[in-house]
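K.L.:
I have a structure I would like to understand better, so I am pasting it below and will then ask my questions one at a time.
Every number here is computed from the coordinates shown, using simple stated rules; none is lab data. Since the structure is predicted, the reported quantities are computational estimates derived from the model, not experimental observations. So basically every Cβ, Gly included, is an ideal-geometry build from the backbone, and we count neighbours across all protein chains shown.
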Amino acid sequence: MSNFKSKYHDELIANAAYIGTPGKGILAADESTGTIGKRLSSINVENVESNRRALRELLFTAPGVLQYLSGVILFEETLYQSTAAGKPFVDVLNEAGVLPGIKVDKGTVELAGTDGETTTQGLDGLGARCAKYYEAGARFAKWRAVLKIGPNEPSEHSIHENAYGLARYAVICQENGLVPIVEPEILVDGPHDIQKCAAVTERVLAACYKALSDHHVLLEGTLLKPNMVTPGSDSPKVAPEVVAEHTVRALQRTVPAAVPAVVFLSGGQSEEEASVNLNAINQVKGKKPWTLSFSFGRALQQSTLKAWSGKEENVKAAQDALLTRAKANSEATLGTYKGTSKLGDGASESLHVKDYKY
Amino acid sequence: MSSFKSKYEDELIANAAYIGSPGKGILAADESTGTIGKRFANISVENTEPNRRVLRELLFTAPGCLECLSGVILFEETLYQKTAAGVPFVDVLKKGGVLPGIKVDKGTVELPGTNGETTTQGLDDLGQRCKKYYEAGARFAKWRAVLKIGPNEPSPLSIHENAYGLARYAVICQENGLVPIVEPEILVDGSHDIAKCADVTERVLAACYKALSDHHVLLEGTLLKPNMVTPGSDAPKVAPEVIAQHTVRALLRTVPAAVPAIVFLSGGQSEEEATVNLNAMNKLQGKKPWSLTFSYGRALQQSTLKAWGGKTENIPKAQAALLVRCKANSEATLGKYQGNANLGDGASESLHVKDYKY
C-alpha cells in the first residue's frame with residue numbers, strides 16, 4: 001500500500017478531520033519546562049511545577065474558551081497534571097470536546113558542516129512513548145522541525161534531514177494512534193522579502209510531502225503546521241491580503257487536498273497580527289481544499305499571561321483575555337473577524353524573538 | 001522563485017485553465033506515422049500522407065464535435081497540414097475554440113539493467129522545437145512517460161528517470177509558451193489488483209510533483225494526464241464507482257490544487273468504459289480541486305475509424321460516430337452521462353493491446 005494500514009486508520013482520519021472543524025483551532029500550550037520558564041520570568045513568576053499547573057488550569061478552565069478549540073497541545077508534564085480539585089486536565093479537555101495533543105520531539109541539534117542549521121531529535125523509542133501517551137488520552141502529536149533563510153540556507157541537506165525526520169515521526173505516530181502534526185517551521189528571521197519566503201516555503205513543503213509519501217504516511221490522518229508566508233523580520237511589512245495570497249498559493253502548489261487541515265503557527269507575530277492574517281487567508285478567493293486554522297502558542301497566550309502575572313485575583317481577567325483571543329481566531333477561521341476594538345495589553349506586541357528556540 | 005518567471009506566465013495559466021473548461025476535453029490525435037499505420041491496417045487503409053490528412057480532416061471538421069473539445073493533440077506532420085480546401089488545420093481548430101497541441105517526445109528506449117523498463121527521449125533541442133511549434137500555432141504539448149507494474153516494477157530508477165524527464169520537458173515547454181501535459185502512464189498490463197495500481201500510481205505521482213518542484217515548473221500552467229486507477233488487464237473488473245473512488249483518492253493524495261485540470265488517458269479501455277468511468281469520477285462527492293476530464297485517442301476514435309473504413313461515402317457516418325463519443329465524454333465531465341443507448345460498432349470493444357507502444 002502507498003500508506004501502510006494502521007489499525008487506527010479510521011480513528012486517525014476522524015480525529016484529523018475533527019481538528020479541522022470550521023470555527024475551531026488549536027491552543028499550543030506545550031512549552032517545555034525551560035521555555036515556560038522564560039514566559040514566567042517575564043511576568044515575575046517562579047518556574048515551579050505548581051505555577052505551571054496553575055497556569056494551565058487557568059487556560060483550560062477559562063469559561064467559554066474550549067468551544068473555540070478542537071485541540072490543545074501539551075508538554076509531557078501537563079498530560080499527567082490535574083486541576084486543583086483533582087480532575088485530570090485530559091478529562092477537562094475531553095469533556096469539552098477538545099482533543100489532547102502531546103509534543104513528542106526532543107528539541108533541535110545542529111547539523112555538522114552547516115551554518116547553524118539544525119535537525120530535530122526524538123525518534124529513539126518514539127513508538128513506545130506514543131503508545132504511552134495514547135493510553136494517557138492523547139490523540140495527536142506535534143514535532144517541530146526548524147529551517148532558516150540565509151544566503152545558502154536552507155541547504156538541500158537541511159531540507160532533506162528535516163523532511164525525512166518529520167516523515168519518520170509521522171508514521172510512528174500513526175502506528176500508535178496519534179494524528180501527527182507535521183511542523184516544518186521556516187523562521188521569520190532575516191531581511192528577505194516575501195517572494196523569497198514563498199520560494200523557500202514551496203521548496204520545503206514539496207520535500208515534506210515527498211518524504212511523507214516515501215514513508216507511507218496516511219495524509220488524511222495528518223495535519224500541517226506551517227509558517228505563513230511573510231517578509232522577513234528585518235524587512236518592511238506588507239498588508240494581510242498580500243500575506244494571505246502568497247500563503248494560500250504556496251499551499252495550493254504543495255499540499256495535497258487529502259490533508260484535512262492546515263493549522264498555522266504564529267511565529268513572532270503579535271496576537272492581533274496573527275488573527276488578522278488568518279482572517280485574510282480565509283477570505284482569499286480560490287481553491288482551498290483544506291481547512292485553514294490556527295495552532296497558536298504565544299499568539300493566544302500573551303495578553304493572558306500579562307493579565308495573570310501569577311496572581312490568583314487576576315485569574316478572571318486573564319481568562320477573559322484568553323476568551324477574546326480564542327473568539328477572534330475562531331472568527332478568523334471563518335473569515336469573519338472584524339478586528340478587536342479593545343485590544344488586551346500586549347495584543348499588538350510583536351512576539352518575535354530572534355532565532356527562537358522553545 | 002520556486003517557479004521561474006516565464007514571459008508566457010499569464011498565457012500559460014489562461015490556456016491551462018481553458019483546457020479544463022467544464023464540458024470540454026482533449027482529442028488525442030497525435031498518433032505517430034508508425035502508430036496510425038497500425039490503425040489503418042485494421043481497417044485496410046493504406047498508410048499514406050493523403051490518407052492521414054483525410055482522416056484528420058474528417059475528425060476536425062465533424063459537425064458539432066469541436067464544441068465538446070478544448071484541445072486537440074497533433075503529431076508534427078499534422079500541425080502543418082490543411083483541409084482539402086486549403087485551410088490549415090490549426091486555423092480550423094482555433095476557429096472552433098480549440099487549442100492545438102503537439103506531441104514532442106521521441107518515443108521510449110529501454111533502461112539498461114532493468115526488466116524492460118523504459119525512459120522517454122526528446123529533450124535534445126526541445127526548446128527550439130517548442131518555439132517553432134508555438135510559431136505554427138501550438139499552445140500546449142504532450143510527452144508520454146511509460147511505467148509498468150511487475151514483481152520489481154516500477155523500479156526506483158524508472159520512477160526517477162521518468163519523473164525528472166517529464167519535469168525537464170515541462171519547464172522547457174513553459175520557457176517557450178507551451179502548456180506541458182505531464183503524462184506518467186502506468187500500463188494496465190498485468191494481473192495485479194486495484195489496490196496495487198493505487199499504490200504505484202500514488203508513488204509515481206508523488207515523484208512527479210517533487211521533480212516538477214525541483215525544476216521550478218509553474219503548476220498553474222500545466223496539466224496532468226494520468227492513468228485511471230484500475231485492476232490490471234488480467235485481473236477481474238470492478239465497478240466504475242470503485243475505479244472512481246480509488247482514482248480520485250490517489251489524486252487527492254498527490255496532485256496539488258494549483259494544477260487546473262486532470263485529463264485522463266484511456267489506456268486499453270473501450271470507448272464506453274472510458275466514458276462511464278470518467279462520469280463516475282465526476283459524480284463522486286468530496287474534494288476535487290481540479291477539473292476531471294478526458295484526453296482520449298483510441299477511446300474517441302475507435303468507432304469513427306470503423307465507420308469510415310477509408311471510404312469517402314462513409315465520412316458523414318464516421319463523423320456522426322465521433323459526435324456520439326464527444327458528446328458522451330462532454331457529459332461525463334459534468335457527471336451527467338446516462339449511458340449510450342446508441343452504441344456505435346466497436347464502442348464496447350476493449351482497446352487493450354499488451355505493452356502498448358504508440
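K.L.:
Treating only the Cβ atoms of Lys and Arg (+1) and Asp and Glu (-1) as charged, compute the dipole magnitude of the range A:8-334 about its Cα centre; round to the nearest 20 debye.
P.N.:
Working: 32 positive and 38 negative charges, 110 e Å.
I would put it at about 520 debye.
K.L.:
With N set to the residue count of the range A:194-261, report its C-alpha Rg divided by 2.2 N^0.38 Å to two decimal places. All intermediate terms of the calculation are to be shown ahead of the outcome.
P.N.:
Working: Rg = 13.1 Å, N = 68, 2.2 N^0.38 = 10.9 Å.
Rounded to two decimals, the normalised Rg is 1.20.
K.L.:
How would A:LYS316, B:LYS142, A:LYS327 line up from fewest to most surrounding beta-carbon atoms within 10 angstrom? Write down the numbers at each step before the final one.
P.N.:
On the way: A:LYS316 14, B:LYS142 27, A:LYS327 17.
Arranged by neighbour count, lowest to highest, A:LYS316, B:LYS142, A:LYS327 become A:LYS316, A:LYS327, B:LYS142.
K.L.:
Grab the beta carbon distance between A:ALA239 and A:LYS38, set R0 = 35 Å, and tell me the FRET efficiency rounded to 0.05.
P.N.:
Numbers: r = 32 Å, r/R0 = 0.90.
E between A:ALA239 and A:LYS38, to the nearest 0.05, is 0.65.
K.L.:
From the C-alpha coordinates alone, can you work out the Kirkwood hydrodynamic radius of the range A:101-145, in Å?
P.N.:
On the way: mean 1/r = 0.0862 Å⁻¹.
Value: 11.6 Å, from the Cα pair sum.
K.L.:
Separate question: Hey, could you pull the Cα Rg and Dmax for chain A, both in Å?
P.N.:
Looking at chain A, its Cα Rg and Dmax stand at 18.8, 57 Å.
K.L.:
Would you list, by chain and number, the aspartates and glutamates whose Cα falls below 13 Å from the Cα of A:LYS338, excluding same-chain residues fewer than 8 positions away?
P.N.:
Within the straight-line limit of under 13 Å, A:LYS338 reaches these aspartates and glutamates: A:GLU272, A:GLU273.
K.L.:
Round to a whole angstrom and tell me the spacing of the C-alpha centers of the range A:1-33 and the range B:183-235.
P.N.:
Spelled out, the Cα-based centre of one part sits 27 Å from the other.
K.L.:
Would you work out the relative contact order for chain A, in percent, from Cα pairs under 8 angstrom that are 6 or more residues apart?
P.N.:
Details: 752 pairs, mean separation 70.6, N = 358.
Once divided by the residue count of chain A, the mean separation gives 20 percent.
K.L.:
Let me see the P(r) profile for the range A:41-192: every Cα-Cα distance counted, bins of 5 Å, each bin given as a percent of all pairs.
P.N.:
2, 9, 16, 16, 15, 15, 13, 9, 4, 1, 0
K.L.:
Can you return the lysines within cross-link range of A:LYS306? Criterion is Cα-Cα under 20 Å, with same-chain partners fewer than 8 residues away left out.
P.N.:
Candidates past the 8-residue exclusion: A:LYS38, A:LYS316, A:LYS327, A:LYS342.
K.L.:
Provide A:GLU241, A:GLU153, B:GLU313 in ascending order of the number of other Cβ atoms located within 10 Å of each residue's Cβ, fewest first. If you can, show how the numbers build up before the last one.
P.N.:
Details: A:GLU241 13, A:GLU153 18, B:GLU313 8.
Ascending Cβ contact count within 10 Å gives the list B:GLU313, A:GLU241, A:GLU153.
K.L.:
Only counting other Cβ atoms within 10 Å, I'd like A:ASP320, B:ASP124 sorted with the fewest neighbours first. Intermediate results must be reported in sequence, preceding the final value.
P.N.:
Numbers: A:ASP320 17, B:ASP124 9.
So the residues, fewest neighbours to most, are B:ASP124, A:ASP320.
K.L.:
Looking at this model, which pairs from A:LYS142/A:LYS225; B:LYS24/B:LYS283; B:LYS24/B:LYS354 are more than 19 angstrom apart at the alpha-carbon?
P.N.:
Working: A:LYS142/A:LYS225 9 Å; B:LYS24/B:LYS283 16 Å; B:LYS24/B:LYS354 29 Å.
In this structure, B:LYS24/B:LYS354 lie more than 19 Å apart at Cα.
K.L.:
Which cross-chain or sequence-distant (5 or more) residues have an amide H under 5 Å from the amide H of A:SER233, H modelled 1.01 Å from N in plane?
P.N.:
Those qualifying (amide H under 5 Å, at least 5 residues apart or on another chain) are A:ASP189, A:GLY190.
K.L.:
Moving on. Treat the protein assembly as shown as a sphere of radius equal to its Kirkwood radius over Cα pairs and apply Stokes-Einstein at 20 °C in a medium of 1.002 mPa s; give the translational diffusion coefficient in µm²/s, rounded to a whole number. Each step should come with its number before you reach the end.
P.N.:
On the way: Rh = 27.2 Å.
Translational diffusion coefficient: 79 µm²/s.
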